[in-house]
Each structure stands twice: as structure tokens, then as C-alpha cells.
Amino acid sequence: MKINIRYTTQLRMALGIDSEEIVVPQACTLLELLQQLKQRFPEKLEQYVLNAQDELQPSVLLCVGNQHVGSDLSVALHEGVEVTILSVISGG
Amino acid sequence: MDDQLRNSSGIPLNDVERATYEWQMWVPDFGEIGQQRLKGASVLVTRCGGLGSVVAYELAAAGIGKLVLAHAGEVKHSDLNRQLLMTYDGLGKSRVESARHRLLELNPRLQIEMVAENATEQNVSELVSQADVVVDCAPLFEERMLLNREIVAQRKPMVDCAMYELEAHLTTIIPGVSPCLQCLYPELPKVWRREFPVFGAVSGMVACLGAMEAIKLIAQFGETLTGKLVTCNLRDMTFRTLSIGRNPNCSLCANIHP
């Protein structure tokens with residue numbers, strides 16, 4: 001199935017991508033999606049999103065659709081959903 | 001929300017104030033009572049940089065009664081692309097003094113409490129205690145988390161504004177009602193750098209939104225961003241409102257109830 005991913009702020013700058021559509025297996029969870037992304041961008045994903053133990057970094061918020069999902073990476077994704085990876089910012 | 005804010009009927013206006021604020025008092029649900037509430041309220045703006053300068057300027061223009069401004073240091077050339085309360089004449093001089101001068105040109109009735117320091121462990125309790133609402137415009141997470149801890153302890157609402165490059169985030173925290181910063185970021189984020197790419201038009205845009213949140217909180221009208229996070233990307237003019245929830249295990253606010 002297809003998932004839309006939106007990258008923001010520092011992560012967007014680090015990856016050089018605003019958004020993309022990727023194909024994942026049916027019944028994919030949020031963790032599985034992030035692991036798939038980490039295989040493509042190992043260094044940047046580990047720095048900004050998932051640490052070496054595949055735990056969420058404290059500098060990121062994840063939204064599925066318009067809902068923040070906290071640290072629950074077991075959320076099941078569905079066809080066409082948008083996942084937003086919000087990299088924390090503090091510019092004043 | 002702070003009971004004092006909720007129960008406030010503000011301070012009666014004089015003729016000059018009625019004339020000055022006439023056009024905004026035409027706003028439905030705001031009116032003269034809203035203006036009176038602004039006159040009777042105080043707002044802490046932490047750092048008067050690209051964000052805080054514009055927050056303070058808009059609140060001064062709107063007729064807020066008192067501003068508490070906390071910002072250390074002297075005006076530098078690199079402030080002047082966005083810190084709209086700072087001027088070339090003020091180079092090398094105190095930032096809060098420059099801010100005070102500009103704000104009083106706009107609104108000579110405004111009370112200003114100037115603190116030539118950033119929020120620290122030593123001063124944060126006193127700073128927050130002087131305000132009905134806090135607007136967090138700090139460029140460092142250490143300061144944001146400190147302010148967050150204190151507004152939770154004192155049960156004060158805080159508007160949290162942040163920007164980076166052409167993007168911005170904005171939310172309103174009401175302790176016990178909406179997620180606090182600790183709910184969202186249980187540990188101090190490690191990836192933030194003190195210096196960041198910024199246009200004044202971006203920081204000013206989110207500052208205007210933040211000032212409007214403070215005005216709505218004080219005047220008690222409209223809907224605030226309680227439990228919501230607005231994200232903006234001016235590169236493609238995308239504005240989104242995301243739902244954010246409290247963390248039931250938050251070490252700061254999990255045991256606080258409305």
C-alpha cells in the first residue's frame with residue numbers, strides 16, 4: 001500500500017526532501033515504516049527520529065493524519081494515510 | 001486556566017483608550033469588556049527577538065495593560081533583520097531598553113517591567129508570577145522547558161511559538177487541560193542548534209498568531225490552540241492544525257486536572 005510522508009524543519013533540510021509517497025507492506029505499523037526509512041537514510045533517521053535501539057528520539061513528534069500519536073509506534077497504517085515527522089524547533 | 005484571568009472584568013477605559021481601540025472593539029465577542037480585560041492583564045514575553053519583539057509590539061498595539069520583558073544582552077547587527085523593537089541607534093545598547101523605547105512610542109500608557117536577563121533557574125519563578133499569560137519565544141529548549149515547568153507549577157497559560165527557516169509551530173498550553181512541553185518532549189531534544197536560518201517575515205508571522213492567542217486567552221473569546229499544534233510552511237503556504245494529546249505519564253502535569 002502507498003503512504004504519504006511529510007518531512008519538516010531540520011529533518012527536511014537534512015534529507016533534502018519535503019514529502020514523498022512510498023510503498024509499504026499491508027498492515028504496516030508506524031515502527032515498520034520508520035525502520036524502512038532508516039534503511040534508506042540510516043545516519044539522518046538515527047540522528048533525528050529512531051535511535052540505534054529503534055526508540056523514538058526526544059526531538060520528534062509523529063502524526064498519522066492530523067493526530068499526534070505520542071510514543072506509540074504500534075499504530076497500524078492504512079492506504080493513503082499521511083505520516084508527518086515533525087522535527088522539533090525552538091527558533092525565536 | 002488561572003482563576004484570576006477567568007474572573008477578570010478588567011479595568012474601565014478612559015476616552016483616549018475608547019478612541020484608540022474603537023475599531024477592534026467592533027470585533028464580535030470582544031467589545032469593550034474584552035478591551036477592559038486586556039487593559040487589566042499582564043503578559044510575560046521571554047526574549048524580545050524575532051518572535052518576542054513582534055508579540056510585544058502587537059500586544060502593545062492592542063492595549064495590553066502590562067508587559068514583562070525578559071531578554072539579556074545588547075543589540076547586534078545580526079538582530080536587525082527580524083528583531084523589530086531593535087534599531088541601528090540602539091546598537092551596543094541594552095535590548096530591553098531599546099524594546100521599551102519602541103513600545104512606548106506606540107503605546108505611552110503601557111506599563112513595562114524590564115528584566116535584562118533571559119529566563120533562568122534563579123529568576124523564572126518571579127518572572128512567571130508577574131504575568132497572567134506567558135508567551136514563550138526563547139531560542140533554546142533549556143529555557144522553554146524551564147518556563148514550561150514554572151507555568152505548570154503556577155497554573156498559568158503559555159503560548160508557545162517557535163520557528164525555523166520558513167516553518168513555524170504554535171500551540172497554547174493550559175496546565176491540566178492541554179499537553180505541556182514535557183508531555184511532547186519528555187527529554188531535552190539534542191539536535192537543536194542555537195543559530196538557525198530565519199527571515200523576519202517568518203518569525204513575525206508566527207508572532208502575530210501568538211499575540212492573537214494571548215489576546216483570545218485574556219479577553220476570553222474565540223477558540224485557542226489548546227490541545228492543537230499549528231504548523232506552517234511558508235515555502236508552499238501550507239498551514240495545518242494537528243491534534244496533540246497529554247502524556248498520561250508526564251512527570252510534570254499528569255496529576256493536574258482542570
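What follows is calculated from the coordinates using simple rules that are stated; it is not laboratory data. Given the structure is predicted, the values throughout are model-derived calculations rather than measurements. Here Cβ is always computed from backbone atoms with ideal geometry, including for glycine, and neighbour counts include all displayed protein chains.
Assorted remarks:
- All helices (runs of 4 or more DSSP H) inside segment B:95-190 with 1 or more residues being closer than 18 Å to B:Ile256 by Cα: B:141-154, B:181-184
- Among the residues of segment B:56-79, those that are farther than 22 Å from B:Ile11 by Cα and part of a helix (DSSP H, G or I) comprise B:His77, B:Ser78, B:Asp79.
- Any hit, segment B:46-62, residues being within 30 Å of B:Glu165 (Cβ to Cβ), more than 20 Å from the chain's Cα centre (by Cα) and surrounded by 20 or more Cβ atoms within 10 Å (Cβ to Cβ): no
- Hits in segment B:80-94 - residues which are surrounded by fewer than 16 Cβ atoms within 10 Å (Cβ to Cβ) and assigned to a helix (DSSP H, G or I): B:Tyr88, B:Asp89
- Against the numbered list (1) closer than 23 Å to B:Arg144 by Cα; (2) buried (at least 16 other Cβ atoms within 10 Å of the Cβ); (3) not aliphatic (A, V, I, L, M), B:Gly73 comes up short only at (2).
- Inside segment B:108-153, residues that are among the basic types (Lys, Arg) and either within 14 Å of chain A (Cβ to nearest Cβ) or surrounded by 16 or more Cβ atoms within 10 Å (Cβ to Cβ) (or both) make up a count of 2.
- Listed by first and then second residue, the pairs with beta-carbon distance under 7 Å, at least 6 apart or on different chains, first residue in segment B:209-231 and within 14 Å of chain A (Cβ to nearest Cβ) and free of Cβ contacts under 8 Å to residues at least 12 places away in the same chain, second buried (at least 23 other Cβ atoms within 10 Å of the Cβ) and not acidic (Asp, Glu), form an empty list.
- Applying the criterion of being among the β-branched types (Val, Ile, Thr) and within 8 Å of chain A (Cβ to nearest Cβ) to the residues of segment B:185-206, the residue that is surrounded by the most Cβ atoms within 10 Å (Cβ to Cβ) is B:Val198.
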